[in-house]
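What follows is a set of notes on a single structure, which appears directly below.
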Number of protein chains: 2
Amino acid sequence: MQKSISKHSVKSVLAKIASNQQRNFKLDLTEAKKPTHLLPDEYDGIKLVTPERPGPKTKELLERMNKIQDMRAAHFVANFEKSKGNFIVDADDNIILDTFTQISSIPLGYNHPYLIEKFHKDPRYATSFLNRPSLGINPPHNYIDILQESFARIMPKGMTDVVTLSSGAEANENAYKVAFCRYMQIKRGGKSASKEEMDSCVLNQKPGTPNLSILSFKNSFHGRTLGALTATHSKAIHKVDFPSFNWPVCDFPQLKYPLEQYEAENKKEMDRVLEQVEKTIKLSHSPNSPWGEVAGLVVEPIQSEGGDKHAMPYFFKELRRITKENNVAFICDEVQTGGGATGKFWAHEYWGLGENGPDIVCFSKKLQAAGIFHRPEFKIDLPYRIFNTWLGDYTRALQLGAIIDVIERDRLLDLVNQTGAYMMKHMTELSKRYPGKIDNVRGAGTFIAFESNKQPELMKQMLHRGVEVGSCGTNTIRLRPMLTFHQWHANIFLQNLNETLEKL
Amino acid sequence: MQKSISKHSVKSVLAKIASNQQRNFKLDLTEAKKPTHLLPDEYDGIKLVTPERPGPKTKELLERMNKIQDMRAAHFVANFEKSKGNFIVDADDNIILDTFTQISSIPLGYNHPYLIEKFHKDPRYATSFLNRPSLGINPPHNYIDILQESFARIMPKGMTDVVTLSSGAEANENAYKVAFCRYMQIKRGGKSASKEEMDSCVLNQKPGTPNLSILSFKNSFHGRTLGALTATHSKAIHKVDFPSFNWPVCDFPQLKYPLEQYEAENKKEMDRVLEQVEKTIKLSHSPNSPWGEVAGLVVEPIQSEGGDKHAMPYFFKELRRITKENNVAFICDEVQTGGGATGKFWAHEYWGLGENGPDIVCFSKKLQAAGIFHRPEFKIDLPYRIFNTWLGDYTRALQLGAIIDVIERDRLLDLVNQTGAYMMKHMTELSKRYPGKIDNVRGAGTFIAFESNKQPELMKQMLHRGVEVGSCGTNTIRLRPMLTFHQWHANIFLQNLNETLEKL
């Protein structure tokens, strides 16, 4: 790891050297070579040129931008021209190891050579970008190829249809709408809406505007639009002052980690929640329901914004059973988990349900294209019900095809599993060494998190050292590296984490 | 206008010639030259090579696409490589005059040379597209330039801030959220939320989750996500089976056209609605409110999906007064009207309110970038409240800058006004000639519509002749040509409309 130190920080460097001499804990890391086969052009490591982060240029630029667009939540200003692979360069030319990746949304790394080549050589990028169609009105003649190159290749088992959309929130909103359509169709014995329903719905009146709901879980995050936000219960800052629908909320199991070690206790907790879910659905379908009738249940395979809370496959299998028995759509929100970071392309593959998985899967972020997949029995009776002007952006669908090419060509799911196991091993060591500062290390693939009683300071110190990490929940640090995060990158991360924890 | 006629349609051509000979109405059109100064590379006119539309390739491709994505609402499959300017080429190589422009969302024409050049020569396109940031977390160092080149240039008078988003629906949802924030801040005497509010909102409980509402108008369209959809009352097919918030809906004035000709009657109708709006807001703010308290009012300058319903500046001026007096945010949804098609960049400029216009303006479609603008007093107290992962797509903001370049360079607002006046004149003639088949011609710029008692057949016949038009409301035809629609294009359109009306 190279560091160029400015004269301002000589004092801090001397202090650090002194402190290093006292250190008595060293991680037994396995040496690794820089993975040039994955990313030929990456930097040799972190390089810091300003004594502080945010540096002076970031500060100046943020001040100017803030006059037109609110940038108060910014971590730092980035130079994407200079960023490469797992390293993001800030406006002050600091080279930073990025394990947060634009809130978990960069799949392969900055300026990935294969994506650059496709962008410049495949003429469909320019044509699709410059002539953005209303996909549902005038689909492009080559859209069938793009569907095959992108969505068809990653269609979850048992599913047949994609609806393309613009964001994770739009994906959730439309998943709920598909669930409502299906629920009402079953209620009507397979028929489409009656004239009375059609006439009444235009002014939000019954029976055309039914009192239906989506069941969600405490701590979940599904998006910021008012429907998705009603199902979101992550942080007050996401929610306060915004009206919501009257939809039921259940507990999410609060399990002990490592999950297998506490299997009996964890099963008991999951059973408690499952009973609550089943009761809630049945009550909602009764005349005494305090909420709208539950037409869908939405759940993340790993609750992400809410604090990286895991459950076990048993829990999701039982949710599948309960939803099926009650004609409730099982909506799996893979906006954050989808795309390979958990070690499988879809995190719900861990549940072992095969063809009998969820009814609807939401995706966005790492896939760059957003939307939902659904099972054939969720096909909508009439056209133009699940619809909007653009239906996403098909240049992003094109890009998704290229992303999948690289995931397959470079066997990135294998890499994610290798790197993830390596990180889990050493982070678990660290949690034994620094209890309180790092607890409950858990993860799937490189989708790893831990709790820390010094969360804000830890984030700040890591960025000071040139490592960007994310937070979630109240005291959790989440890692969301790219799929190209290799043991070599993990070593840089782990060394910095170890040194940071020691000094906290 | 060139036509190559296949042997299948010889019979219909002969019938047409016979019919033409009987024709006794001819529009007195002014000859115009093809505007090569605007679009050097456009086709010489409509050219039809298959006897029917949709042609065989469109049918085959739609069948294949439908297996993966619902395309049942498609008009036809397009070849965007071959489409140029105001002409869209379908999968069967028919060259069609496009006056619907991807539901009003293509600003300058297909494959516009200036946009192509920018895409290939400005390296920011590739960098921004390939490294899509979480704009609120890591804004790019050159984003300040992009803000200046795009949003700052079209900021509506009196406004200071932009929030970038992914779609018109997201723009509406976030406009409502900004209105809720502001309303609660006023209610709290300028303070941020209390601990009790923060604690309660996470599970959708009062007081943190207040019972607030957005007042909307009958026939309005604001988007398809559940919040925006609650404020939408255009068509049953948009609405049925979807739950909604309990928000009040007022009449939209049903005026007589031409508006000035019926000024006294129209004023009476507007006053009736204004009284209803004021009463509704005051009732919503009282303890007996049947709805949530009205925090915002959302209105389109011209109701578009709902049937191109116009009101007069008086109506909007009074809405401004009423909303201000009652601390209600005045949200102007310019998703369809914004970008110049009405003859002004923002349709709300017609109201003559200067600096005292709406509080929040929603935009998307023709601007390619989506979002909201708002006044300085609507700045949010804390960061991260109005937020999401991507906050739109800044490659689209870059493109918006190029679009504005062309609008300014080619004086396209002048062109829109000239072409619009020309079309209005001749379409008004047609409405006198063919009452019932074409009534109530109205418009601003080229944003023109009329009612027809033969609406579906008229659309079909126009497409058969090679002219794509749009519909809205129950019996309305809407024209949404590009900003480069010239008298030369208008002549092709008007000739075909005249001939179609004659034969209907």
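Total residues in region B:200-217 satisfying the condition of being more than 7 Å from every other protein chain (Cβ to nearest Cβ) and free of Cβ contacts under 8 Å to residues at least 60 places away in the same chain: the figure is 4. Name the residues in region A:354-397 that are of a type in the set (V, I, T) and outside any loop (DSSP other than H, G, I, E, B), would you? Selection gives A:I360, A:V361, A:I372, A:T395. For region A:437-454, the criterion of being free of Cβ contacts under 8 Å to residues at least 12 places away in the same chain and of a type outside the set (S, T, N, Q) is met by no residue. Among the residues of region B:41-52, the ones that are part of a loop (DSSP other than H, G, I, E, B), more than 27 Å from the chain's Cα centre (by Cα) and modelled with pLDDT of 95 or more come to 4 in all. Of the residues making up region B:375-390, those that are more than 8 Å from every other protein chain (Cβ to nearest Cβ) and either open to solvent by less than 10 Å² (accessible area, probe 1.4 Å) or out of contact with any Pro (no Cβ under 9 Å at 6 or more places or on another chain) (or both) are B:P376, B:E377, B:F378, B:D381. Among all positions in region B:268-286, there is at least one residue which is open to solvent by less than 10 Å² (accessible area, probe 1.4 Å) and in contact with a Ser or Thr (Cβ under 7 Å, 6 or more places away or on another chain). Go through region A:149-163 and count every residue that is within 7 Å of another protein chain (Cβ to nearest Cβ) and over 23 Å from A:T323 (Cβ atoms). Within region A:149-163, residues that are within 7 Å of another protein chain (Cβ to nearest Cβ) and over 23 Å from A:T323 (Cβ atoms) number 2. In region A:72-84, the residues that are more than 7 Å from every other protein chain (Cβ to nearest Cβ) reach residues that are open to solvent by 10 Å² or more (accessible area, probe 1.4 Å) and at pLDDT below 95 with C-beta atoms within less than 7 angstrom, at least six apart or across chains, in these pairs: A:K84/A:D41. Report whether or not A:N174 is of a type outside the set (A, V, I, L, M) and either more than 7 Å from every other protein chain (Cβ to nearest Cβ) or within 16 Å of A:I372 (Cβ to Cβ) (or both). When the stated conditions are applied, A:N174 passes them. Screening B:T101, B:T127 for residues that are of a type outside the set (D, E) and open to solvent by less than 10 Å² (accessible area, probe 1.4 Å) leaves exactly one candidate, B:T101.
Here region A:301-334 is the region considered, the condition is being open to solvent by 10 Å² or more (accessible area, probe 1.4 Å) and in a loop (DSSP other than H, G, I, E, B), and the residue that is nearest to A:R375 (Cα to Cα) is A:N327.
Pairs are defined by a Cβ separation below 9 Å, a sequence spacing of at least 6 or placement on different chains, a first member in region A:53-67 that is part of a loop (DSSP other than H, G, I, E, B), and a second member that is among the acidic types (D, E) and open to solvent by 30 Å² or more (accessible area, probe 1.4 Å); the pairs so defined are A:G55/A:D93. Among the residues of region B:129-148, those identified as in contact (Cβ under 8 Å) with a residue 40 or more places away in the chain and more than 7 Å from chain A (Cβ to nearest Cβ) are B:L135, B:I146. Identify, please: which residue in region B:467-484 is in a strand (DSSP E or B) and charged (D, E, K, R) and is, among those, nearest to B:G307 (Cα to Cα)? This residue is B:R478. Within region B:407-423, residues that are small (G, A, S) sit with their Cβ atoms under 7 Å from residues that are outside any helix (DSSP H, G or I), at 6+ positions apart or across chains, in these pairs: B:G420/B:G343; B:G420/B:G443; B:G420/B:G445; B:G420/B:T446; B:G420/B:I448. Tell me whether region B:397-407 contains one or more residues that are away from chain A (no Cβ under 14 Å), open to solvent by 10 Å² or more (accessible area, probe 1.4 Å) and not basic (K, R). Checked region B:397-407: at least one residue is away from chain A (no Cβ under 14 Å), open to solvent by 10 Å² or more (accessible area, probe 1.4 Å) and not basic (K, R).
Identify the single condition in (1) at negative phi; (2) modelled with pLDDT of 95 or more; (3) away from chain A (no Cβ under 14 Å) that B:D308 does not satisfy, given that it satisfies every other one. Failed condition: (1). Here the helices (runs of 4 or more DSSP H) wholly within region B:193-240 that include at least 1 residues being open to solvent by 20 Å² or more (accessible area, probe 1.4 Å) and closer than 26 Å to A:G473 by Cα are B:195-201.
I'm trying to understand the selection: among the residues of region B:425-461, which are in a helix (DSSP H, G or I), farther than 17 Å from B:L27 by Cα and open to solvent by 10 Å² or more (accessible area, probe 1.4 Å)? Once the filter is applied, which keeps residues that are in a helix (DSSP H, G or I), farther than 17 Å from B:L27 by Cα and open to solvent by 10 Å² or more (accessible area, probe 1.4 Å), region B:425-461 yields B:Q455, B:P456, B:E457, B:M459, B:K460, B:Q461. Among all positions in region A:462-479, there is no residue which is free of Cβ contacts under 8 Å to residues at least 24 places away in the same chain and acidic (D, E).
On inspection, B:A78 passes the criterion of being in contact with a strand residue (DSSP E or B) (Cβ under 7 Å, 6 or more places away or on another chain) and not acidic (D, E). Per the conditions (1) buried (at least 19 other Cβ atoms within 10 Å of the Cβ); (2) farther than 25 Å from B:A311 by Cα, the sole criterion not satisfied by B:H464 is (1).
For region B:28-69, the set of residues classified as touching an Asp or Glu at 6+ places or on another chain (Cβ under 9 Å), of a type in the set (K, R) and away from chain A (no Cβ under 14 Å) consists of B:K34, B:K47, listed by residue number. Among the residues of region B:168-192, the ones that are open to solvent by 10 Å² or more (accessible area, probe 1.4 Å), under 28 Å from the mean Cα position of the chain (by Cα) and among the hydroxyl-bearing types (S, T, Y) come to 1 in all.
The values are calculated or read from the model by the stated rules, or taken from the named source; none is laboratory data. Predicted model only: the values in this text are computed from it and were never measured. No Cβ is skipped: glycine too gets one built from the backbone with ideal geometry, and neighbour counts run over all protein chains shown. Just so you know, the surface numbers come from the protein's heavy atoms only, side chains and all, with ligands and any DNA or RNA stripped out. Shrake-Rupley method; radii C 1.70, N 1.55, O 1.52, S 1.80 Å.
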